[in-house]
Amino acid sequence: MALLPRSARDFGSAQYWERFFQQRGLRAFEWYGGYLELCAVLHKYVRPRDKVLVVGCGNSELSEQMYDVGYQDIVNVDISEVVINQMRERNAHRRPKMSYLRMDMLQMDFQDAQFQVVLDKGTLDAILVDEEEATLERVDRMFAEISRVLQVGGRYLCISLAQAHVVKKAVGYFSQEAWMVRVHQVSGSEDGAAKQQFVLPVFVYVMTKFKKIPGSVLQILEICTEEQDKPVRVESAEQLVEVVKERQLYALLRSQLNKNPSASHVSLDLCDADAGKPRYTLHVVDSPSVKASRNNHFAIFIIPQGRETEWLFGTEAGRKQLAASAGFRRLITVALHRGQHYEGMEGIQAELSGKVMELAPPGLPSQQQVPFLSVGGDIGVRTIQHQDTSAMSGEYLIEDVKGDNMCYFRRLIFLSNRNVVQSEARLLSSAAPRGQKKRKKDKKKQGSGSTEAPPTSAFQAIDRSYLCCEHHKAMVAGLALLRNPELLPGAQLLVLVIGLGGGSLPLFIHDYFCQSRVEAVEIDPSMLEVATRWFGFSQGDRIKVHISDGLDYVAELAATAAPARYDAVMFDVDSKDPTLGMNCPPPAFVETPFLQKVRTILAPEGVFVLNLVCRDSLLKDSVLAALKEVFPLLYARRIEGEVNEILFCQPHPEGKLAAPELLETARTLERMLRRPGQAWDSSYVLSDMLKAVEIV
């Protein structure tokens, strides 16, 4: 402990280093690794014939090791006379051509342009300990001296831990001087002790001196990561700092996983090196309760394309269940991103093997085979059918994906919230994307992200009898709260749905309640086009769409002298503001004055059904309080595995049904809806939707 300075500023003090080397003696002190870790980068930029200046050499063995492999024209300088004398004595006979000089690198005695290479191993980090004016002035003097003694075309190699303020200063200074700046990440040491000493990765800044051209503002900034030797150009010093920061965070994550295998949820994105876009999302799941055996330490699970939003794969609780059932102590789930091309399971395995092994649990036996798992052994199928931009909703896309049991589904995705399925419909077998039958014979192409389109009349192949969304099933089941269920299917119900999406909810009510009249309100005209072209929606005598803001539409209805009285009003409208703790509906839809307007247009025995998606518990409490103020009778149905909660609101408390009565009503309604000749999804049981209903 006595070797450590009292403050970081002492690193720039000659007196500190004199005391340091007196106490340490002849034992080498290596900042940021030794020659073996650094040689790959050094050999790229230092030629054996180069005249090399090492600034702040200390008693590091790096110069000695370089000398021994052929770099013999090396001059070492340090501010500490103690260490210079030690190093002279140590190398006088074995390395006679190498010199050690006591010198302040802020004011060196060398001639201009005397060296081809200046090598700095941790010295800049030791001086640039803060961003105070005096410190920055010292660093400017250091850089000016390095620039002075380097020839044009020479290289300043600075080995550093790359703290943000250090990168910013070094890159900013030399890029302004028209030098080319390239940052290398040094490959990690295989030595366990070295890994424990340095959690953060080591970087080498390679600054190449060019002759400054007056008026030129060209900056050349590049980075070479550990995985990719080819340099990648970046646009600014800020972007370079951000890339370095990402590498440091990844190193910290690896260290965290090694030290605490049962740590809380850990995830990261792996990006396409060329485009910089996310290609894989990895979630690390530890199951310490799983009994260890020889072959259950570690596995990788590839989530089939299009299934990453399912509860088992898309939630922390689901992934924990998946890991436990798979029986591995550490499971990494891998989600595949849209817009990327994948060469089947074998291609993904080859691409990921090196990276995922960096996340392996500590103590994994050497040569251990790590299995790659999936559902059905393939990577699924995702076909993007259409992509466009809406003025209201931003970028969106329509995709077809293969789900469980070989069923295909069509989805609407807003790219502003790409992990949420906005609307979904099941495709009939004739609508499976063309070419899929051939894929059984051509496994290499399997799941590659083909953009082949299904038949032109794709909307005719939508299975209108199937409600994909659990919250839609619950909303329809809420109609059991209305009058005699035996009369409902043929009753002239008047239903208002705010929020169209793909149109499956209003379309299902239209089809199964054969005398109903359904009005849907949608603020975004692009969504009506999407629903019509891609989800089989069509308007008719009993189903109409109004392009309007739902707030305005309801307010205008309520303001009329004799407002229409709807048997059911349904809100299924998302919020466009991601900063709120409530995704559905927007807050204005659940404010008391507006809810009063909803009650005005609701029939006395009608039901108001609301899809609530709210993660903020205080905000949710305020929403429930506002609803109860206007609607005395309030039922809640939570959707298992989802944030969604369906609220059924009625204006009169005397209409309350006991649980057995409510379930029997739902069963009766379902029997009436299952008419001869009318398709019905056998998995959809209305009474199941109401089993877990609670009175709020």
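Ranking Arg418, Arg637, Arg599, Arg410 from most to least accessible surface, computed with a 1.4 Å probe over the protein chains only, gives Arg418, Arg599, Arg637, Arg410. The H on the amide N of His386, modeled in the peptide plane, is under 5 Å from the matching H of Ile398, each at least 5 residues off or on a different chain. Over what distance in Å are the Cα centres of region 624-641 and region 353-409 separated? Cα centroid of region 624-641 versus Cα centroid of region 353-409: 37 Å apart. Ser287 exposes around 10 Å² of accessible area when a 1.4 Å probe is run over every protein chain in place. For Ser267, the solvent-accessible surface computed with a 1.4 Å probe is close to 60 Å², ligands and nucleic acids excluded. Apply 1/(1 + (r/R0)^6) to the Cβ-Cβ distance of Arg88 and Gln176, taking R0 = 41 Å, and write down the FRET efficiency to the nearest 0.05. Between Arg88 and Gln176 the formula returns 0.60. Across the protein chains, with a 1.4 Å probe defining accessible surface, the residues Glu222, Glu629, Glu346 rank Glu346, Glu629, Glu222 from largest area downward. When the solvent-accessible area of region 291-374 is split by element, carbon and sulfur atoms take up 50 percent of it, the probe being 1.4 Å.
Across the protein chains, with a 1.4 Å probe defining accessible surface, the residues Asp68, Asp541, Asp109 rank Asp541, Asp109, Asp68 from largest area downward. On region 381-427, 42 percent of the accessible area sits on carbon and sulfur atoms, based on a 1.4 Å probe.
Remark: region 381-427 carries 41 Å² of accessible area per residue (probe radius 1.4 Å; ligands, DNA and RNA excluded).
Taking a 19 Å limit on the Cα-Cα distance, which of the listed pairs Lys44/Lys230; Lys121/Lys211; Lys320/Lys402; Lys121/Lys259 fall beyond it?
With Cα atoms farther than 19 Å apart: Lys121/Lys211; Lys320/Lys402; Lys121/Lys259.
Charge tally around Arg47: other residues with Cβ under 15 Å, Lys/Arg +1 each, Asp/Glu -1 each, net +2. Taking all protein chains as shown and a probe of 1.4 angstrom, Tyr71 keeps an accessible surface of around 20 Å².
The values are calculated or read from the model by the stated rules, or taken from the named source; none is laboratory data. Note that the structure is predicted; figures quoted are calculated from it, not measured. Cβ: placed from backbone, ideal geometry, glycine included. Neighbour counts: every protein chain shown. For accessibility, only protein heavy atoms count, side chains too; no ligands or nucleic acids. Shrake-Rupley method; radii C 1.70, N 1.55, O 1.52, S 1.80 Å.
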